[in-house]
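Bear in mind these aren't lab numbers, they're just calculated from the coordinates by the rules spelled out. Keep in mind that this is a model prediction, so the values were computed, not measured. Every residue, glycine as well, gets a Cβ built from its backbone with ideal geometry; the counts of neighbours run over all protein chains shown.
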Amino acid sequence: MSQSFAVAQRVRVRNDAPKGHCRTPHYLRGREGVIERAYGAFRNPEQLAYGADGLPKRELYWVRFEQGRLWPGYTGTATDTLVAEIYEHWLERAE
Amino acid sequence: MRGVHDLGGQPIDEEIDRAEHAQTFFEKRVDALMRLLSDPSRGVIRVDELRRGVETLPEKDYFGYSYYERWIHSIRLLLLEKGVVSEDELNRRIEGVRKRLAAESTR
Amino acid sequence: MSGHPHDHHSDHDPHAPVEEVEGPPSEHVLLEIALRELLIEKGLFAAADVTRQIEIMDATTPEQGARLVAKFWTDPAYRQRALADGKAAAAELGIDMSVAPKLVILENTARLHHVVVCTLCSCYPRAVLGLPPAWYKSPAYRARTVKDSRGVLAEFGTSLPDDVEIRVVDSTADCRYLVVPVRPHGSEGMDEAALAGLVTRDTMIGVTLAREP
């Protein structure tokens, strides 16, 4: 499952619904965006939240989304964007 | 399923209350408690654990409690879970504090 | 006074917190006092440590972040270092970043405006801005900013033209964010201390612009 992504690559946030703690907001699941920046590897918060050591570390990416595609009837402009930090195991390649 | 804390895009279409509030003693003490417990020299509670504890609050409490009230309940949950304090000693202490403060206020 | 280790200190604090409401203490307040007493008795920390943490918190204000912004505006080499590593750039100014998460500096331009929110909790760059304002933690701000950034900015009195991209930054994981606003017109001759005075907490969250001098 572990994979790395390149800046400017198109990705999709996995449309998953795990029971426990995670840092992927619901409104971004299943949505497509572009890798804006690679932040390096961090301990996995989904394990840290339960007292585990969070290893192996997971790559964390800054993913950019187009607001007009996130929200039906978005009233801002076509260039407005949103960025969020998403872990590698929540991302898959998009075409 | 969306967690109670996961608010991005939810239909909470009210105006933002921009009033400034000074921190209360209670808020400062809870914040200090968490800083001490999460300090790497102690490592009792991680911030990820604090969040998990907050997220498991029932919806009525999540929205009924203030920010630091959510924190102190999460800290309680985690300290009990880790066996740092026991439920029995905590409950006894709460009653002791209640009686002491009541006595102080009538003095 | 044993249950309130910092009350004495607060008597001398110009930013003294508001008093608790009159009447019997709430269950939340009793819980905090009980837990703190038990942890002190068990030797996890001392009452003086609580006081010390509150003193550190009181000393951490948005003025720290404003100093960083002013230097960012005036020192091109510092700007480069800050964009590469915000934490190291803050530490250069004597700000204690020892236990702070990664800090990312977001530079606004004539075409790009950042606004920061944390939809999942209330992540905030505490090391450089202090504690977050109440509105930042409110369900309305957390819910609305991601889908209606222009509407939220308007409530803060901020209106941006359509040729400015508004970029909402949802602080979801391990980074904290500080917005460097566009340097205002008419500030050309000002020194760092004066420039810092144009930068407020809200400006560094991204809901307002820097003050015109």
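Below is a table of values for the structure above.
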{"read-out": "Chain A - charge dipole about Cα centre, Lys and Arg +1 at Cβ, Asp and Glu -1, debye rounded to 20", "value": "100"}
{"read-out": "For B:97-105, mean number of other protein chain Cβ atoms within 10 Å", "value": "4"}
{"read-out": "The stretch B:1-60: GluC sites (Glu not before Pro) falling in loop per DSSP and having at most 16 other Cβ within 10 Å", "value": "B:Glu14, B:Glu15, B:Glu20"}
{"read-out": "The stretch A:79-95 - phi-based ³J(HN,Hα) in whole Hz, Karplus 6.51/-1.76/1.60, Gly and Pro as x", "value": "8, 5, 9, 9, 10, 8, 8, 10, 6, 3, 6, 9, 10, 9, 5, 10, 9"}
{"read-out": "Helix-derived mean residue ellipticity, 222 nm - over chain C, DSSP H n ≥ 4, -39500 (n - 2.57), to 500", "value": "-11000 deg cm²/dmol"}
{"read-out": "GNM flexibility winner over chain A from A:Ala84, A:Ala52, A:Ala38 (Cα, springs under 10 Å)", "value": "A:Ala52"}
{"read-out": "Anisotropy class of the stretch B:25-106 from Cα gyration tensor, a/c 1.5 cut", "value": "prolate"}
{"read-out": "Amide H partners (placed H, <5 Å) of A:Tyr87, local residues excluded", "value": "A:Tyr61"}
{"read-out": "Rounded FRET efficiency, nearest 0.05, which uses the C-beta distance separating B:Arg100 from C:Ala88 and R0 of 60 Å", "value": "0.80"}
{"read-out": "For C:Leu106, distant residues with modelled amide H under 5 Å away", "value": "C:Leu178, C:Val179, C:Val180"}
{"read-out": "Whole-Å distance, taken between Cα centres, linking the stretch A:1-67 and the stretch C:181-201", "value": "37"}
{"read-out": "Pairwise FRET efficiency - C:Thr74 versus C:His185, Cβ, R0 = 25 Å, nearest 0.05", "value": "0.95"}
{"read-out": "For the stretch C:126-142, Karplus couplings with θ = phi - 60° (6.51, -1.76, 1.60), whole Hz, Gly/Pro x", "value": "4, 4, 10, 10, x, 7, x, x, 4, 5, 5, 8, 6, x, 5, 5, 5"}
{"read-out": "Amide proton proximity set for A:Thr81, modelled H, under 5 Å, gap of 5+", "value": "A:Gln67, C:Ile166, C:Arg167, C:Val168"}
{"read-out": "Filter on A:Lys57/B:Lys28; A:Lys19/C:Lys137; A:Lys57/C:Lys102; A:Lys57/C:Lys71; C:Lys42/C:Lys102; A:Lys57/C:Lys42 - keep pairs with C-alpha separation over 26 Å", "value": "A:Lys57/B:Lys28; A:Lys57/C:Lys71; C:Lys42/C:Lys102; A:Lys57/C:Lys42"}
{"read-out": "Karplus 3J(HN,Hα) series, Hz, for the stretch C:191-207 with 6.51 cos²θ - 1.76 cosθ + 1.60 (x for Gly, Pro)", "value": "7, 4, 5, 5, 4, 4, x, 8, 10, 10, 3, 5, 4, 7, 8, x, 8"}
{"read-out": "Least to most buried among B:His5, C:His114 (fewest other Cβ within 10 Å first)", "value": "B:His5, C:His114"}
{"read-out": "Segment B:Arg42-B:Ser86, extension gain: residue separation times 0.36 nm, minus the distance between their alpha carbons", "value": "13.9 nm"}
